[in-house]
Every structure is written in structure tokens, then in C-alpha cells.
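The values are calculated or read from the model by the stated rules, or taken from the named source; none is laboratory data. Computed from a predicted structure; not experimentally measured. Note that each Cβ is placed from the backbone with ideal geometry, even for glycine, and that neighbours are counted across all protein chains shown.
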Amino acid sequence: MRINMLALPSRWIVGDVVAPPGSLGRIAVTDDAHSTVDAMLRAGPFREAALTHAVAAESRKIGLAHLDPADRFLAATAKVYDLTLVTADERLLESSEFAVFPNR
């Protein structure tokens, strides 16, 4: 069985790119952004979930208790592409509008 997930790992390491636990998932970039993204894409089998009009429209409709635009785009992306959002964010874990899996 294949499971499609939108994963937000608590620790990313790709070359010189490191986001340690407790850093809120922010990635320290030591190279230019294009090199960093290229390195991440080469590191694993990823598929792009594009920010489409449908995702943008869903981000305004999705029922989240807060208005954080980044969370709204993540949630809307999971919903539109029928992905499971993997996150440790309690505010996103509370939603029943999209599939979510706790990353604890």
C-alpha cells in the first residue's frame, strides 16, 4: 500500500542545510536558495505539490482556529492533493478537514 504524505520533518540535514529540533522547522541556508532546494530534491524521491489557484482558494476556506498563512497553505495543500500532513504542530493536528499524522 502506498501512502502519500506532505512531511515536515523535525530535523533536516542536506549538505550544509540543518534545522535542529526545537528550531520550529526553520532551515539555516548557507548557500543560495536555489542550491539549497536543488540539494534537497536530489536527497530523496520527492514530488512537487504546486501552489495552484485551487490551493490558494482552499487556504482561505479551510477551517483552522488561527490565521497563520503558512499553516493555511500547508493544510490546503494537503487537502487539495489528498495528502497526509505530517506535523508536530498541535494547531494543525486538531483539524478534521484533511489527513494529518503526528510527528512526535
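Yes or no: the stretch 8-28 includes at least one residue that is at positive phi, exposed (fewer than 13 other Cβ atoms within 10 Å of the Cβ), modelled with pLDDT under 65 and of a type in the set (A, V, I, L, M, F, W, C).
yes
How many residues are assigned to a loop (DSSP other than H, G, I, E, B) and hydrophobic (A, V, I, L, M, F, W, C) if we restrict to the stretch 70-104?
3
Is there any pair with a first residue in the stretch 31-56 that is under 17 Å from Ala76 (Cα atoms) and a second that is assigned to a helix (DSSP H, G or I) whose Cβ atoms are under 6 Å apart and which are 6 or more apart or on different chains, and what are they?
Partner pairs satisfying both residue conditions: Ala49/Thr77; Ala54/Val80; Val55/Ala76; Val55/Thr77; Val55/Val80.
Out of the stretch 34-69, which residues are assigned to a helix (DSSP H, G or I) and at pLDDT 90 or above?
Once the filter is applied, which keeps residues that are assigned to a helix (DSSP H, G or I) and at pLDDT 90 or above, the stretch 34-69 yields His53, Ala54, Val55, Ala56, Ala57, Glu58, Ser59, Arg60, Lys61, Pro69.
Counting only residues that are surrounded by 14 or more Cβ atoms within 10 Å (Cβ to Cβ) and more than 13 Å from the chain's Cα centre (by Cα), how many does the stretch 80-92 have?
1
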